[in-house]
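Input: a single structure, listed below in structure tokens.
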Amino acid sequence: MERTLVLVKPDGVYRALIGRIITTFEDAGLKVVGIKMLRPDRKLTEQHYIWDEAWAKNVWEKSAKDAAEKGAKMSEDWKQMGERIRKQLIEYILTGPIVAAVIEGNEAAAEVRKLVGATSPVRADPYSIRGRFSTDSYGFADSRHRAVVNLVHASEDSKIAEREISVWFKKEELVDYKRVDEGVMFPGH
Ligand code: ADP
Ligand code: MG
């Protein structure tokens, strides 16, 4: 069993979607093992969104692919873009309260990302959280000089999740228990 971090971003809280977002993970057979609401300060938010070259390159590549499909050109390199998006993202997270949750289950990190959907909500699978609840896009966000508003953060993989969980939760805030249906979902578990 694996653990991953989810943040319901301020738009998810303000739109009263906390329950439906968390339910999506529970419905899939995943388990909430830690949860809290808070208004993070800048320091904590910056610790979560640390500068990471691999992340910045990936952000650039995803945006470049989207731009190429529209016949648009990228005006920044990966470093300029990564630094700008990181700033915009931190401002976005600081606009309101968030819910931080640790989700546990079989291949939890990949499963949660699948349920959350692609970064740009217009591209996200229509049954995913971002696809169901948003139509924001890279182009729209960039034209307004803001981050893509997409309801949820989910750790990229289980290794990154370990670090991110330690930013938001103390060990004793995470709880071990069995769901009543675990024996049916995972015989022998
Ligand atoms: P994900 O949240 O799907 O893992 P990333 O880690 O690549 O996506 O980016 C983190 C967040 O930064 C996104 O969820 C989104 O809010 C914002 N973001 C990413 N790329 C862009 C972009 N090109 N323009 C505006 N905001 C972006
Ligand atoms: Mg990410």
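In the range 11-31, the count of residues that are within 21 Å of Arg130 (Cβ to Cβ), in contact (Cβ under 8 Å) with a residue 12 or more places away in the chain and acidic (Asp, Glu) is one or more. Would you point out the residue of the range 63-74, among those that are free of Cβ contacts under 8 Å to residues at least 40 places away in the same chain and away from ligand 1 (no atom under 12 Å from the Cβ), that is surrounded by the fewest Cβ atoms within 10 Å (Cβ to Cβ)? By that ranking, first place goes to Gly71.
Among the candidates Trp78, Trp51, Trp60, the residue that is touching a residue at least 12 places away in the same chain (Cβ under 8 Å), within 15 Å of ligand 1 (Cβ to nearest atom), of a type in the set (Phe, Trp, Tyr) and closer than 21 Å to Trp168 by Cα is uniquely Trp51. Cβ-Cβ contacts under 7 Å between residues 6 or more apart (or on different chains), taken from a first residue in the range 157-183 that is under 15 Å from Glu104 (Cα atoms) to a second residue that is acidic (Asp, Glu) and not in a helix (DSSP H, G or I), are listed as Ser158/Glu2. Among the residues of the range 1-27, none is identified as buried (at least 22 other Cβ atoms within 10 Å of the Cβ), part of a helix (DSSP H, G or I) and of a type in the set (D, E, K, R). Within the range 118-148, the set of residues being of a type in the set (Lys, Arg), surrounded by fewer than 18 Cβ atoms within 10 Å (Cβ to Cβ), more than 12 Å from Ser63 (Cβ to Cβ) and within 11 Å of ligand 1 (Cβ to nearest atom) comprises Arg144, Arg146. For Lys170, the criteria (1) touching a helix residue (DSSP H, G or I) at 6+ places or on another chain (Cβ under 9 Å); (2) among the charged types (D, E, K, R); (3) over 25 Å from Leu17 (Cα atoms) hold in every case but one, which is (1).
Report whether or not Val148 is outside any loop (DSSP other than H, G, I, E, B), within 20 Å of Lys9 (Cα to Cα), at pLDDT 95 or above and β-branched (Val, Ile, Thr). Considered against the rule, which asks whether it is outside any loop (DSSP other than H, G, I, E, B), within 20 Å of Lys9 (Cα to Cα), at pLDDT 95 or above and β-branched (Val, Ile, Thr), Val148 comes out as no.
Name every residue in the range 149-189 that is small (Gly, Ala, Ser) and surrounded by 10 or more Cβ atoms within 10 Å (Cβ to Cβ), in order of residue number. Listed by number, the residues that qualify are Ala154, Ser155, Ser158, Ala161, Ser166, Gly183.
The values are calculated or read from the model by the stated rules, or taken from the named source; none is laboratory data. Source: prediction; values computed, not measured. For neighbour counting, all protein chains shown are included, and Cβ atoms are generated from backbone atoms with ideal geometry for every residue, glycine included.
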